[in-house]
Amino acid sequence: MKVLANDGVSQSGIDALEAAGFEVLTTTVAQEQLQNYINDNAISVLLVRSATKVRKDIIDNCPSLKIIGRGGVGMDNIDVEYAREKGLHVINTPAASSHSVAELVFGHFYGLARFLHNSNRDMPLEGDSNFKGLKKAYAKGVELKGKTLGVIGFGRIGQATAKIGIGAGMKIVAFDPFIEEANLELDFFDGQKASFNIKTISKEDVLKQADFITLHVPAQKDYVIDKAEFELMKDGVIIANAARGGVVNEIALVKAIESGKVAKAALDVFEKEPQPEVQLLMNPSLSLTPHTGAATNEAQDRIGTELAEQIINILG
């Protein structure tokens, strides 16, 4: 049977599938040619990340398809319920990239707290001519230790991010409409473990208490953070969105930065991917990455292996 990994898959995943007798194709087929390619090559399994969309046209017109797999968590690029109604298996890898996203969030937080996103631009340009000026400009950093981290969405990724926050010495407050409490177990290098029980509180209380806020929610119709939510926050808050474009109102975010309500923010995802608004790209108070939350070698290996195991279990 043939597997098309249209947005790529790790070598570990390819090796596992080939060892089980599958043929793996890693050609990237354009969206408009995908239906014909699947039919011409009798593809049984279509693997995607976030680029390829699997809508009703493909589900209805590709009879050889048995499995649609998403390398990652969110499946808003797949018509999941419709596919399942038509008898297809739809799989994803919800746990594989949790830690990668969490580390990126903290990369942004540490960078913002110490102006790294600005000084990394300015030092090559002015480091020899304006060293003292830059030192003065970036002398008022803050520490994360002792601050309160607000986590909006307390599933796997939110919990993984909270664990890093605990390790950094932060207080954790969390909101999730579906989770009342979570037991976070931290594993250390020498085999020791430490457990922390976190009871969720209201979204409003999280927004009022947090010095740093991170979002880990699925795509939805309305903004999770809009003008009213910004107004509840502490002055000088730092925010990160590595969840989905469209959960934060970007226009309201820019206004909140201009007013001083939000000191700085990090965006890994954007409402208009792959062409984010220029006013975001040029804003010196923003730390930006091009949707790379899950893009670590380790996460991609886990994603590939996890997808392969599920495919083998279903079709093996």
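Miscellaneous remarks
- Computed from point charges on the beta carbon alone (+1 for Lys and Arg, -1 for Asp and Glu), the dipole magnitude for the chain about its Cα centre is near 880 Debye.
- Whole-number accessible area per residue in Å² for the range 181-316, which is evaluated in the context of all protein chains at 1.4 Å: 52 Å²
- Reducing the range 96-114 and the range 146-176 to their Cα centroids gives an inter-centroid distance of 12 Å.
- Note that the range 26-33 has calculated 3J(HN,Hα) couplings of 10, 4, 8, 9, 4, 3, 6, 9 Hz, one per residue in order, obtained from phi through the Karplus relation 6.51 cos²θ - 1.76 cosθ + 1.60 (θ = phi - 60°); glycine and proline are x.
- A simple charge model with +1 on the Cβ of Lys and Arg, -1 on the Cβ of Asp and Glu and nothing else charged puts the dipole of the range 184-316 at about 340 debye relative to its Cα centre.
- All C-alpha pair distances within the range 27-107, sorted into 10 Å bins from zero, spread as 18, 48, 23, 10, 1 percent across the bins.
- Amide H contacts of residue 25 (H built 1.01 Å from N, in plane; Pro and chain starts excluded): 3, 4, 5 sit under 5 Å, all sequence-distant by 5 or more or on other chains.
- Part-to-part distance (alpha-carbon centres) for the range 199-219 and the range 241-281, which is given in Å: 17 Å
- Accessible-area composition of the range 63-181, carbon plus sulfur, in percent [1.4 Å probe]: 53 percent
- The Cα atoms of the range 179-303 cover 47, 35, 28 Å along the three principal axes, with the biggest extent listed first.
- Solvent-accessible area assigned to carbon and sulfur over the range 208-316 amounts to 52 percent, based on a 1.4 Å probe.
- Of 203/255; 171/272; 135/261; 147/272; 135/193; 147/199, those spanning more than 29 Å from alpha-carbon to alpha-carbon: 171/272; 147/272; 135/193
- For the range 78-148: rounded, prolate or oblate by the Cα gyration tensor [a/c cutoff 1.5]: prolate
- For the chain, built as a Gaussian network whose Cα springs stay under 10 Å, the top-fluctuating residue of 202, 129, 12: 129
- Inter-part distance, the range 296-315 to the range 1-78, computed on C-alpha centroids, equals 13 Å.
- Taking all pairs of distinct alpha-carbon atoms in the range 6-63, Kirkwood radius in angstrom: 12.2 Å
- Under-5 Å amide H pairs with residue 69, H placed in peptide plane, nonlocal only: 46, 47, 48, 91
- Helical runs (DSSP H, four residues minimum) scored at -39500 (n - 2.57) apiece and divided by the length of the chain put the mean residue ellipticity at 222 nm at -11000 deg cm²/dmol.
- Contact order relative to length of the range 90-176, as percent, for alpha carbon pairs under 8 angstrom and 6 or more apart: 35 percent
- Within a Gaussian network of the chain (alpha carbon springs, distance under 10 Å), most fluctuating of 253, 25, 288: 25
- Reach of residue 132 by Cα under 20 Å, taken over aspartates and glutamates that are not fewer than 8 positions away in the same chain: 122
- The chain: Rg to Rh, with Rh as the Kirkwood radius over Cα pairs: 1.02
- Global geometry of the range 122-175, whether rounded, prolate or oblate, following the gyration tensor of its Cα atoms and the 1.5 cut on a/c: prolate
- Cβ-Cβ FRET estimate between residue 199 and residue 142, R0 fixed at 35 Å, reported to 0.05: 0.85
- GNM remark for the chain: springs join alpha carbons under 10 Å apart, and the peak mean-square fluctuation among 167, 155, 69 falls on 167.
- Solvent-accessible area per residue for the range 1-59 (1.4 angstrom probe, square angstrom): 46 Å²
- Quotient of C-alpha Rg and 2.2 N^0.38 Å, computed over the range 171-236: 1.36
- Solvent-accessible area per residue, Å², over the range 78-175 with all protein chains present [probe radius 1.4 Å]: 50 Å²
- Proximity of backbone amide H atoms, modeled 1.01 Å from N, is registered between residue 240 and 213, 214, 215, 266 at under 5 Å, excluding neighbours fewer than 5 places apart on the same chain.
- Anisotropy class assigned to the range 66-208 is prolate, per the alpha carbon gyration tensor with a/c at or over the 1.5 cut-off and a/b larger than b/c.
The values are calculated or read from the model by the stated rules, or taken from the named source; none is laboratory data. Computed from a predicted model, the values in this text were never measured in an experiment. Glycine also receives a Cβ, built like all others from the backbone with ideal geometry; neighbour counts cover every protein chain displayed. We work out accessible area using only protein heavy atoms, side chains counted, and drop any ligands, DNA or RNA first. Shrake-Rupley method; radii C 1.70, N 1.55, O 1.52, S 1.80 Å.
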